[in-house]
1. Which helices (runs of 4 or more DSSP H) sit wholly inside region A:1-86 and have at least 3 residues that are within 20 Å of B:MET93 (Cβ to Cβ) and open to solvent by less than 40 Å² (accessible area, probe 1.4 Å)?
2. Given the condition touching a Lys or Arg at 6+ places or on another chain (Cβ under 6 Å) and either within 17 Å of B:GLY237 (Cα to Cα) or in a helix (DSSP H, G or I) (or both), answer yes or no: does some residue in region B:2-18 qualify?
3. Could you identify the single residue in B:ILE101, B:ILE64 that is within 7 Å of another protein chain (Cβ to nearest Cβ), open to solvent by less than 10 Å² (accessible area, probe 1.4 Å) and either of a type outside the set (Ser, Thr, Tyr) or within 24 Å of B:LEU122 (Cβ to Cβ) (or both)?
4. Considering only residues that are modelled with pLDDT of 95 or more and not hydrophobic (A, V, I, L, M, F, W, C), look in region B:32-47 and name the one that is nearest to the chain's Cα centre (by Cα).
5. Which residue, of B:LEU197, B:LEU191, is touching a Phe, Trp or Tyr at 6+ places or on another chain (Cβ under 8 Å), more than 9 Å from chain A (Cβ to nearest Cβ), in a helix (DSSP H, G or I) and open to solvent by 10 Å² or more (accessible area, probe 1.4 Å)?
6. List the pairs whose first member sits in region B:21-36 and is in contact (Cβ under 8 Å) with a residue 12 or more places away in the chain, whose second member is open to solvent by 20 Å² or more (accessible area, probe 1.4 Å), and whose Cβ atoms are under 6 Å apart, counting only residues at least 6 apart or on separate chains?
7. In region B:26-45, how many are among the hydrophobic types (A, V, I, L, M, F, W, C) and open to solvent by 80 Å² or more (accessible area, probe 1.4 Å)?
8. Test each condition in (1) facing chain A (nearest Cβ under 7 Å); (2) hydrophobic (A, V, I, L, M, F, W, C); (3) open to solvent by less than 10 Å² (accessible area, probe 1.4 Å); (4) more than 22 Å from B:LEU212 (Cα to Cα) for B:LEU59 and report the one that comes out false.
Amino acid sequence: MEGYAALYIFMLAAFTGYEVISRVPVILHTPLMSGSNFVHGVVLVGAMVVLGHADPEDPVQLVIGFIAVFLGAANAAGGYVVTERMLAMFKGGNKKEGGA
Amino acid sequence: MANWFIQASYFIVAVVFILGLKAMSSPVTARKGIVWAGYAMVAATVVTFFTPDLHNVGLMVLAIVSGGAVAWWSGKTVKMTDMPQMVAIYNGMGGGAAAAIAALEFARGEITDPVVATLAVLGALIGSVAFSGSCIAYAKLQGIMKNAFRLPNQNLVNIGLAVLTAVLGLAIIVSDTPSSTLIVLFFVLALALGAILTSPIGGADMPVVISLLNAFTGLAVGFEGYVLGNPALIVAGIVVGASGTLLTQLMAKAMNRPITNVIFTPISGAAAGGEGEVIEGTMKEFSALDAASVMRYASKVAIVPGYGMAVAGAQHKVWEMAQLLEEGGVEVVFAIHPVAGRMPGHMNVLLAEAGVPYDKIFDLEEINADFPQIDVALVIGANDVVNPVARTDKTSPIYGMPILNVDMAQNVIVVKRGKGAGYSGIENALFYKDNCRMLYGSAQEAIAQVITHVKALES
């Protein structure tokens, strides 16, 4: 990837991350942390790509790749379940937004 | 499948992740947000199988199924009170995955460009620290690791280790074909650094640390995304890195502990207490019957729940008691400190689980001015967050932390297991105040007894 283009992506993504959660009520801090934990579970995709390109004859590469995919999948699956369970409690009932 | 289709899918996935996070920052849309993000994750995973020249697909499926299943099962079965350590461990796994990606790229000898190498090394370092640090955080919150572990000259050791790791990282970057010994040594040191940075940190500071490590993992994923030329990883990783940093700041602010203090001068029981203000007075015991009658004939009761209540699983009993009091015409509210529980908002989740409606739950800012008008403040399993020492004693490690001013209520009842100090090991001046009474016992049993007595008063 073009170096400078990547630098711009980094910068814009950082601002986006900052803006997206800047007005979050305190009651959602934990679920949101858990939710963002799930989002970086996309590392699974990267892990799949490296394992897919690892040398099938080299056990060291295969083991590292397996670990990467295993951990990435656990991050994504666990992050989803835990976040979903927390947020499931916010359905229905009262509509109070809760001050920050 | 054509490469453009994969790239377009990743683009959409990145957009949905951002929209999902945005939705998760409002209670009304939060549930939708995580479901959207979930679909995006599944889509990203499926599309990746169509990457050209993909080998080892069988092994890959095995890793996804086993890793996913273990995490899915543990996430489904974990108790709500144990959520923070689960978030910590899943986060650590993400960091570990990012580090492993870098390790594999180095092992393949694919990294030649110095910029790519730099970001790979940075991602590996941050990811490794997040991995081992999260494991320690998990062990502490789970109670596997009881004591804060502090080396002599801890800060010096930290800095020395960090410098050494950085030097090795630099050696990897400048070398065209770094030796495997060098790479292994680098990862060992990076993992040790994460463990050693986290182990002296006391339990009270853990939420901030978990949040910080979450931001770290985000950054590591973003950097490895650059190494792999995958914009979805870059965007998702950096967005999480930035939002995680903001969240960490919000938490640190709620505790009035700058992040640098959390890492370099951890609160520890030994250093606390002793010197500083002498606490006067005695602890006065109260029976469940006394507590029941005081609350039954009050006009306004504020319940201040802490982690102790959650551990005892008493939130359902507490809500039952609150409803009983309300039937008798008592106004009952819940007052929540920003860091009650183990993370900001954790207590709200636990109360929501018990069925307490949001409009009865008040934040520190909303309720603190009202305490003088409250007849009874019932503190259940909370300690440091109601310790008036934070307002008065400059030598106290928690000095300056915003607290719930329960000591200003007409009466204070503290439900507590025993006479020990709080989680951070600091003596609580509240317990010795004239208007404070101690109701000893586990939260579950104590509240059950109070309920019995309140019912008896009705008939």
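1. Answer list for region A:1-86: A:29-39, A:43-52.
2. Within region B:2-18, none of the residues are touching a Lys or Arg at 6+ places or on another chain (Cβ under 6 Å) and either within 17 Å of B:GLY237 (Cα to Cα) or in a helix (DSSP H, G or I) (or both).
3. On the way: B:ILE64 fails: open to solvent by less than 10 Å² (accessible area, probe 1.4 Å).
The unique qualifying residue is B:ILE101.
4. B:GLY38
5. B:LEU191
6. If the second residue must be open to solvent by 20 Å² or more (accessible area, probe 1.4 Å), the pairs left are B:ALA23/B:THR29; B:ALA23/B:LYS32; B:ILE34/A:GLU84; B:TRP36/B:VAL16.
7. 3
8. Condition not satisfied by B:LEU59: (3).
The values are calculated or read from the model by the stated rules, or taken from the named source; none is laboratory data. These figures come from a predicted structure and were not determined experimentally. Every residue, glycine among them, receives a Cβ derived from its backbone with ideal geometry; neighbour counts consider all protein chains shown. Protein only, heavy atoms only, side chains kept; ligands, DNA and RNA dropped before computing areas. Shrake-Rupley method; radii C 1.70, N 1.55, O 1.52, S 1.80 Å.
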